[in-house]
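J.: Supplied in structure tokens, the structure appears directly below.
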Amino acid sequence: MQKFITNNDIIYLNVGGEKIVTSRGTLTLVPGTLLSKMFSGKWEDKIMKDKDGYIFLDYSPALFKCLIDQLREWNDTVFAEEEKVFGLPAGFEQQFQKFIQQLGFDSKYVNKSASSNIQESNQERFNKLVGKIELADNGKVARHDASVTQSEVRGTGLYSTGIHRIRLKMEKVVDWVYVGIINHSAPAHEHSRTSTSAYGWLSGTRKYVFIKGQNNPGYDGYDGDICENDAVDLVLNCNEFKIQLLNKRTSKQYEIPIDSQACPFPWQLNVNLYNPNTSVRILS
């Protein structure tokens, strides 16, 4: 008997070790792509599955989720064909373009100018600090001294418009590092991540995400996996009132929407350190 196939069929996927559930209609929305062929109903029985019966796809989970989220939007909303253009995830523009090209999406679906809208914060430096932090290399490095003390350091840049990328390296991580933003007029404080205008991520097994100074463990799937020598991008999107954290090693990205009432412009880079010799470098 021939299997009855509909666009409403639920498809269970294991993408690079992460479980994702979506509809057949989303996967086959754009004709002629590898996804539309794989999930046409003719090939699924031949595709590798994991022990739970989920179809296994050996792709980057972060890139795949970015793709699926946009396909879902196209599927759920009326879009003219010329309006179907992928936004490129900040920090992974080239990887995402290569990924959708490999999947057979036509170049007309790519917004080639999107990545050029991101401004590199090459002049960013550490400056204002409270606690036991020492600055080095012309303000590019913030390093905690040998004590165990809550400490804060901020960047010199003020951000009110556009999209900005601050590249950071976790040079020395002892237990945790906190990275985020804060309103520039918020009082300096050793525990600045608890300020009502603070938004950001704390590395480590605690998986802490701070929103309006309140801890929300695991928000947006955050796993705290930021290790010593990791390079991360902090993207400040003033246009859409959100910030993103992108880990180059894991290809994982996280996002926090910003309440403009709680954290009005201008925004400022905000880092908290606690343990001896923990250090963060701003990469030019």
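J.: Just order 93-101, 73-81 by mean Cβ neighbour count inside 10 Å, highest at the front, would you?
T.: Working: 93-101: 16.7, 73-81: 10.9.
Ranked from most to least packed, the peptides come out as 93-101, 73-81.
J.: Taking the convex hull of the Cα atoms, report for the chain its projected area averaged over all directions, in nm².
T.: Details: hull surface 65.3 nm².
Averaged projected area of the chain's Cα convex hull equals 16.3 nm².
J.: Another question, then. In terms of modelled amide H atoms, which long-range or inter-chain residues lie less than 5 Å from the amide H of residue 230?
T.: Residues meeting the criterion, in which the H sits 1.01 Å from N, are 170.
J.: Further, regarding this structure: Between helix 61-76 and the chain, what is the angle of the helix's C-alpha long axis to the longest principal axis, kept within 0 to 90° and rounded to the nearest 10?
T.: Taking the Cα atoms of the chain, the angle to 61-76 is about 60 degrees.
J.: Also: Given H placed 1.01 Å from N in the peptide plane, which residues other than close sequence neighbours of residue 15 have an amide H under 5 Å from its amide H?
T.: 20, 57
J.: Ranked by Cβ crowding within 10 angstrom, fewest neighbours first, how are 145, 230 ordered? Don't skip to the answer; put the middle values down first.
T.: Working: 145 15, 230 18.
Fewest-to-most Cβ neighbours within 10 Å comes out as 145, 230.
J.: Now for a separate question. Hey, what number do you get for the chain at 222 nm if only DSSP H runs of n ≥ 4 count, each worth -39500 (n - 2.57), divided across all residues, to the nearest 500? Write out the running numbers ahead of the final one.
T.: Values: 4 runs with 35 residues, N = 284.
Calculated mean residue ellipticity at 222 nm is -3500 deg cm²/dmol.
J.: Run the simple label-point estimate for residue 189 and residue 18 please: 7 Å along Cα→C-beta, distance reported in nm.
T.: Placing both labels 7 Å along Cα→Cβ, they lie 3.3 nm apart.
J.: Exceeding 19 Å between C-alpha atoms, which entries from my cross-link table qualify? They are 128/248; 128/207; 132/172; 108/248; 19/98; 19/84. Present the calculation step by step, with values, prior to reporting the outcome.
T.: Details: 128/248 27 Å; 128/207 26 Å; 132/172 15 Å; 108/248 27 Å; 19/98 23 Å; 19/84 26 Å.
Flagged as over cut-off: 128/248; 128/207; 108/248; 19/98; 19/84.
J.: Here is a further query. Please list, ordered by chain and number, the residues whose modelled amide H lies under 5 Å from the amide H of residue 104; skip anything fewer than 5 residues away on the same chain.
T.: Residues meeting the amide H criterion: 34.
J.: Moving on to the next point. Can you give the FRET efficiency for residue 109 and residue 259, using 1/(1 + (r/R0)^6), R0 = 30 Å, r = Cβ-Cβ distance, to the nearest 0.05?
T.: Numbers: r = 33 Å, r/R0 = 1.09.
Here the calculated transfer efficiency is 0.40.
J.: If you bin the C-alpha pair distances of region 121-283 every 10 Å from 0, what whole percents do you get?
T.: 12, 46, 38, 4, 0
J.: I want to check the label-to-label distance for residue 101 and residue 283. Put each point 7 Å from Cα in the C-beta direction and report it in nm to one decimal.
T.: Calculated label separation equals 2.2 nm.
J.: Okay, moving on. Which percent of Cα pairs goes in each bin when the distances of region 3-119 are cut into 10 angstrom slices starting at zero?
T.: 13, 45, 33, 9, 1, 0
J.: Hey, fewest Cβ within 10 Å first, where do 273, 234 land in order?
T.: 234, 273
J.: Here's a follow-up. Using R₀ = 35 Å, calculate the FRET efficiency as 1/(1 + (r/R₀)^6) where r is the Cβ-Cβ separation of residue 228 and residue 161; round to 0.05. All intermediate terms of the calculation are to be shown ahead of the outcome.
T.: On the way: r = 34 Å, r/R0 = 0.98.
Computed FRET efficiency for residue 228 and residue 161: 0.55.
Computed from the coordinates by the stated procedures, all read-outs in this text should not be read as laboratory data. The shown structure was predicted, so the numbers you read here are calculated from the model rather than taken from an experiment. All Cβ positions, even for glycine, are placed from backbone atoms using ideal geometry, and neighbour counts span all protein chains on display.
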